[in-house]
Amino acid sequence: MSDTPRHSDRNLALELVRVTEAAALAASRWIGRGDKNAADGAAVDAMRRAFDSVAISGTVMIGEGEMDEAPMLYIGEKVGMGGPEMDIAVDPLEGTSICAKGMPNSIATVAVAEKGGFLHAPDIYMDKIAVGAGLPDNLVDLDAKPEENLRELARAKKVEVGDLVVCILDRDRHKEMIRACRAAGARIMLIPDGDVAGVVACSQPEAGVDMYMGWGGAPEGVLAAAALRCIGGQMQGRLIYEDEDQKARARSMGITDPDKKFTVEEMAKGDVMFAATGVTTGAMLKGVRREAQGAFTHSIVMRSKSGTVRYIEGHHNMTRKPGVFVA
């Protein structure tokens with residue numbers, strides 16, 4: 001993207017929003033209907049079709065899985081109508097379960113980087129810790145105890161540990177982490193899913209989140225890193241392996257040190273753009289609102305080159321075909 005004219009960068013940013021809008025609108029028909037697979041399938045199909053009109057030559061690096069596991073948006077798939085070569089990271093519906101249950105923080109998201117810009121992360125767990133922008137470098141560390149990281153963050157923010165809010169996925173594997181944070185005096189925001197939004201919230205003061213901790217998906221870690229490259233913030237991520245096959249898979253994807261702590265810049269380097277559209281209302285975005293005349297969407301688009309963050313509200317009219325929106 002560094003050789004792309006500036007106005008083309010801006011056009012691409014808007015095109016990415018149209019891609020996430022399409023996925024969010026499709027998924028919105030399944031909000032609260034208890035079928036996460038149908039919601040995810042609708043988002044994937046809509047996002048894949050929307051990419052056909054984007055002027056890039058993209059390769060999916062973070063997607064729905066391997067070619068034999070996913071019919072579209074699989075790792076290695078080529079997308080776009082032709083143009084600059086770019087790496088693509090997508091999560092057409094982050095928070096499939098929370099969408100199916102009508103709960104907050106489900107989003108459709110996509111990021112693009114220059115070729116070779118994204119960490120080629122396998123679909124396994126990643127241990128993550130993240131804080132917002134404007135803090136001393138290397139403030140937190142995955143190898144430090146939760147209470148130590150909280151103490152350092154409180155000191156940097158000139159507040160008490162009791163003033164801090166930590167976002168953590170509500171999982172049994174995090175019980176000890178949650179206990180340690182509470183014992184240190186911090187407050188906890190437990191979320192059922194959606195750790196991209198959870199990480200990004202650290203850099204959005206209005207979200208009221210100071211730190212993110214815990215295990216989540218490695219692909220979601222790369223997407224969150226792409227957002228932080230644009231909006232600011234610190235993050236470390238380390239892959240978690242359940243067996244030797246997963247280690248071998250990581251090696252085949254170019255990861256030579258299985259214990260490496262990846263920084264934001266190592267997960268998403270070069271010029272990066274990130275876009276997301278809310279499916280259900282959450283801390284970062286309002287969800288899709290459907291009415292007789294059409295639907296309303298709320299999106300965010302960020303560019304690392306300029307550091308610009310834009311929120312976009314879209315009104316999508318119904319076409320003559322019932323139930324179909326023009327994004």
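Here are some notes:
- Where a residue in the range 286-311 is touching a residue at least 60 places away in the same chain (Cβ under 8 Å) and its partner, wherever it lies, is among the acidic types (D, E) and in a strand (DSSP E or B), with Cβ under 9 Å and at least six apart: T297/E313; S299/E313
- Flag if G76 is assigned by TED's automatic domain parsing to the domain that holds K305, under 24 Å from V17 (Cβ atoms), touching a strand residue (DSSP E or B) at 6+ places or on another chain (Cβ under 7 Å) and outside any helix (DSSP H, G or I): no
- Odd one out for D193, checked against (1) in a strand (DSSP E or B); (2) touching a residue at least 60 places away in the same chain (Cβ under 8 Å); (3) over 19 Å from G232 (Cβ atoms); (4) out of contact with any His (no Cβ under 7 Å at 6 or more places or on another chain): (1)
- Selection status of A38, surrounded by fewer than 24 Cβ atoms within 10 Å (Cβ to Cβ), outside any strand (DSSP E or B) and at pLDDT 95 or above: yes
- Residue match in the range 237-251 (condition: buried (at least 23 other Cβ atoms within 10 Å of the Cβ), under 16 Å from the mean Cα position of the chain (by Cα) and touching a residue at least 60 places away in the same chain (Cβ under 8 Å)): yes
- Per the listing A13, A27, the residue uniquely touching a residue at least 24 places away in the same chain (Cβ under 8 Å), within 25 Å of G287 (Cβ to Cβ), surrounded by 22 or more Cβ atoms within 10 Å (Cβ to Cβ) and under 20 Å from the mean Cα position of the chain (by Cα) is A27.
- Single residue of V60, V44, V19 found to be in contact with a helix residue (DSSP H, G or I) (Cβ under 6 Å, 6 or more places away or on another chain) and at pLDDT 95 or above: V19
- The requirement of being of a type outside the set (K, R) and under 16 Å from V264 (Cα atoms) is not satisfied by M177.
- Candidate set from the range 236-251 (those that are in contact with a Leu (Cβ under 7 Å, 6 or more places away or on another chain) and not small (G, A, S)); member that is nearest to G217 (Cα to Cα): R238
- Just one of the numbered conditions (1) farther than 21 Å from A113 by Cβ; (2) of a type in the set (A, V, I, L, M, F, W, C); (3) assigned by TED's automatic domain parsing to the domain that holds A100 is not true of A248: (3).
Here's the yes/no breakdown for (1) among the acidic types (D, E); (2) assigned by TED's automatic domain parsing to the domain that holds G237; (3) in a strand (DSSP E or B):
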residue	(1), (2), (3)
E64	yes, no, no
M72	no, no, no
M81	no, no, no
M86	no, no, yes
S97	no, no, no
A108	no, no, yes
A111	no, no, yes
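- The set of residues in the range 113-151 that are buried (at least 18 other Cβ atoms within 10 Å of the Cβ) and assigned to a helix (DSSP H, G or I) comprises P146, N149, L150.
Listed here are the residues, each with its yes/no results for (1) surrounded by 15 or more Cβ atoms within 10 Å (Cβ to Cβ); (2) at positive phi; (3) in contact with a Leu (Cβ under 6 Å, 6 or more places away or on another chain); (4) at pLDDT below 95.
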{"position": "G270", "(1), (2), (3), (4)": "yes, yes, no, yes"}
{"position": "A276", "(1), (2), (3), (4)": "yes, no, no, no"}
{"position": "E313", "(1), (2), (3), (4)": "no, no, no, no"}
{"position": "N317", "(1), (2), (3), (4)": "no, no, no, yes"}
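- Note on the range 254-263: among residues that are within 15 Å of Y125 (Cα to Cα) and in contact (Cβ under 8 Å) with a residue 60 or more places away in the chain, the one that is surrounded by the most Cβ atoms within 10 Å (Cβ to Cβ) is F262.
- Residues in the range 50-57 include at least one that is over 20 Å from G221 (Cα atoms), β-branched (V, I, T) and assigned to a loop (DSSP other than H, G, I, E, B).
The values are calculated or read from the model by the stated rules, or taken from the named source; none is laboratory data. Nothing here was measured: the structure is a model prediction, and the numbers come from that model. When we count neighbours, we look across all protein chains shown, and the Cβ atoms used for this are built from the backbone with ideal geometry, even at glycine.
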